[in-house]
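Undergrad: The structure's right below; bear with me while I get my questions together.
The values are calculated or read from the model by the stated rules, or taken from the named source; none is laboratory data. Model, not experiment: these values are computed from the prediction. Please note: Cβ atoms are built from the backbone with ideal geometry, for glycine as well, and neighbour counts cover all protein chains shown.
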Ligand SMILES: [Zn+2]
Ligand SMILES: [Zn+2]
């Protein structure tokens, strides 16, 4: 049986009953592990509690989404270091830049993004990047904040240009593909995904958003990651088993505190 890990979902956006059902459907379909992502610090404890409730299949990441920086305030670096130091917080994020919606002022998004990366460098807990319509500034910030050893992080729901992927890979980062990969109009993302080395790829649903084809239009859930993994196998010209094995091993290598999800 294929074993996959959903490297990015938002289980706190489901009601408890729907959440429990979605998690058990996922586990039954071979999605043994899920990383559930907070979008603001006030939700962090809830997200961590959800992960604990669904142990050993779910772990949590904590951070401030670029959409939420105005409302949350730019987090203090020390506060992010404290979250990143906890054994039950496997990732810092999601953070990054979203110039498509511009829900928070760009200078505040940038400062928040930099502080998440610094907290990641300090704690060794990887950071999770959301970037949309912000390729140039994303590259600049990644390069400027990289330590001598590069960066421990992932570009989530990859939909940027090739130069963003290349820069991130050069710094040692990973690229995570979501349901967009299956969309007919996603030729650019498909071409880039085909060129990312197999040992740097992750898969995710970003559920409840962006369900992959053939589930498009329905609320997304972690079990649907199989469709994205299948598309990725087709693009890379390898078997679905190989994609599952590689992306699960990559997840465990990057998110060391959540490595147990790979064997859950
Ligand atoms: Zn995102
Ligand atoms: Zn997300």
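Undergrad: Residue 128: away from ligand 2 (no atom under 16 Å from the Cβ) and within 22 Å of residue 159 (Cα to Cα), yes or no?
TA: The answer is no for residue 128.
Undergrad: Among (1) farther than 26 Å from residue 104 by Cα; (2) touching a helix residue (DSSP H, G or I) at 6+ places or on another chain (Cβ under 7 Å), where does residue 166 come up short?
TA: That leaves (2) as the condition not met.
Undergrad: List, please: which pairs have Cβ atoms under 8 Å, are six or more places apart or on different chains, and start with a residue in the stretch 7-25 that is in contact (Cβ under 8 Å) with a residue 60 or more places away in the chain and more than 17 Å from residue 61 (Cβ to Cβ) and end with one that is in a helix (DSSP H, G or I) and away from ligand 2 (no atom under 16 Å from the Cβ)?
TA: Cβ pairs passing all conditions: 22/223; 25/223.
Undergrad: Name every residue in the stretch 230-264 that is under 20 Å from residue 191 (Cβ atoms), free of Cβ contacts under 8 Å to residues at least 12 places away in the same chain and outside any helix (DSSP H, G or I), in order of residue number.
TA: Residue satisfying the conditions is 237 alone.
Undergrad: Among residues belonging to the stretch 68-79 that are buried (at least 19 other Cβ atoms within 10 Å of the Cβ) and more than 11 Å from residue 113 (Cβ to Cβ), point out the one that is nearest to the chain's Cα centre (by Cα).
TA: The extreme case among them is 68.
Undergrad: Given (1) under 19 Å from the mean Cα position of the chain (by Cα); (2) in contact (Cβ under 8 Å) with a residue 40 or more places away in the chain; (3) surrounded by fewer than 15 Cβ atoms within 10 Å (Cβ to Cβ), identify the lone condition not met by residue 94.
TA: Residue 94 satisfies all of (1) under 19 Å from the mean Cα position of the chain (by Cα); (2) in contact (Cβ under 8 Å) with a residue 40 or more places away in the chain; (3) surrounded by fewer than 15 Cβ atoms within 10 Å (Cβ to Cβ) except (3).
Undergrad: From 115, 106, grab the single residue that is surrounded by fewer than 19 Cβ atoms within 10 Å (Cβ to Cβ) and at pLDDT 95 or above.
TA: 106
Undergrad: Hey, can you tell me all the residues within the stretch 233-245 that are at negative phi and out of contact with any strand residue (DSSP E or B) (no Cβ under 6 Å at 6 or more places or on another chain)?
TA: Passing the criteria: 233, 234, 235, 236, 238, 239, 240, 241, 242, 243, 245.
Undergrad: Related question: Which pairs turn up if I take residues in the stretch 58-70 that are part of a strand (DSSP E or B) and look for partners that are within 12 Å of ligand 1 (Cβ to nearest atom) with beta carbon separation below 6 Å, at least 6 apart in sequence or on another chain?
TA: Between residues of the stretch 58-70 that are part of a strand (DSSP E or B) and residues that are within 12 Å of ligand 1 (Cβ to nearest atom), the close pairs are 61/37; 61/93; 61/128; 62/38.
Undergrad: Ok, one more. If you scan the stretch 88-123, which residues turn out to be over 18 Å from residue 175 (Cβ atoms), more than 16 Å from ligand 2 (Cβ to nearest atom) and assigned to a helix (DSSP H, G or I)?
TA: Of everything in the stretch 88-123, those that are over 18 Å from residue 175 (Cβ atoms), more than 16 Å from ligand 2 (Cβ to nearest atom) and assigned to a helix (DSSP H, G or I) turn out to be 106, 107, 108, 110, 111, 114, 115, 118, 119, 121, 122, 123.
Undergrad: With the requirement that a residue be within 19 Å of residue 9 (Cα to Cα) and out of contact with any strand residue (DSSP E or B) (no Cβ under 7 Å at 6 or more places or on another chain), what does the stretch 120-156 give you?
TA: Across the stretch 120-156, there are no qualifying residues.
Undergrad: Restrict the check to the stretch 106-117 and report whether at least one residue is out of contact with any strand residue (DSSP E or B) (no Cβ under 7 Å at 6 or more places or on another chain), without any contact (Cβ under 8 Å) to a residue 12 or more places away in the chain and within 16 Å of ligand 1 (Cβ to nearest atom).
TA: No: zero hits.
Undergrad: Out of the residues in the stretch 174-218 that are in a loop (DSSP other than H, G, I, E, B) and in contact (Cβ under 8 Å) with a residue 40 or more places away in the chain, state the one that is surrounded by the fewest Cβ atoms within 10 Å (Cβ to Cβ).
TA: 209
Undergrad: Answer yes if at least one residue in the stretch 134-153 is surrounded by fewer than 16 Cβ atoms within 10 Å (Cβ to Cβ), at positive phi and not in a loop (DSSP other than H, G, I, E, B), and no otherwise.
TA: Step one: of the stretch 134-153, the residues surrounded by fewer than 16 Cβ atoms within 10 Å (Cβ to Cβ) are 136, 140, 143-144, 147-150.
Now narrow it down to the ones that are at positive phi: 150.
From what is left, the residues that are not in a loop (DSSP other than H, G, I, E, B) are 150.
So far as the stretch 134-153 goes, yes, one or more of its residues are surrounded by fewer than 16 Cβ atoms within 10 Å (Cβ to Cβ), at positive phi and not in a loop (DSSP other than H, G, I, E, B).
Undergrad: In this structure, is residue 11 at pLDDT 95 or above, within 27 Å of residue 246 (Cα to Cα), in contact with a helix residue (DSSP H, G or I) (Cβ under 9 Å, 6 or more places away or on another chain) and within 16 Å of ligand 2 (Cβ to nearest atom)?
TA: Taking the combined requirement at face value, the residue satisfies it.
Undergrad: For the subset of the stretch 5-47 comprising residues that are surrounded by fewer than 18 Cβ atoms within 10 Å (Cβ to Cβ) and assigned to a loop (DSSP other than H, G, I, E, B), which member is nearest to ligand 1 (Cβ to nearest atom)?
TA: 15
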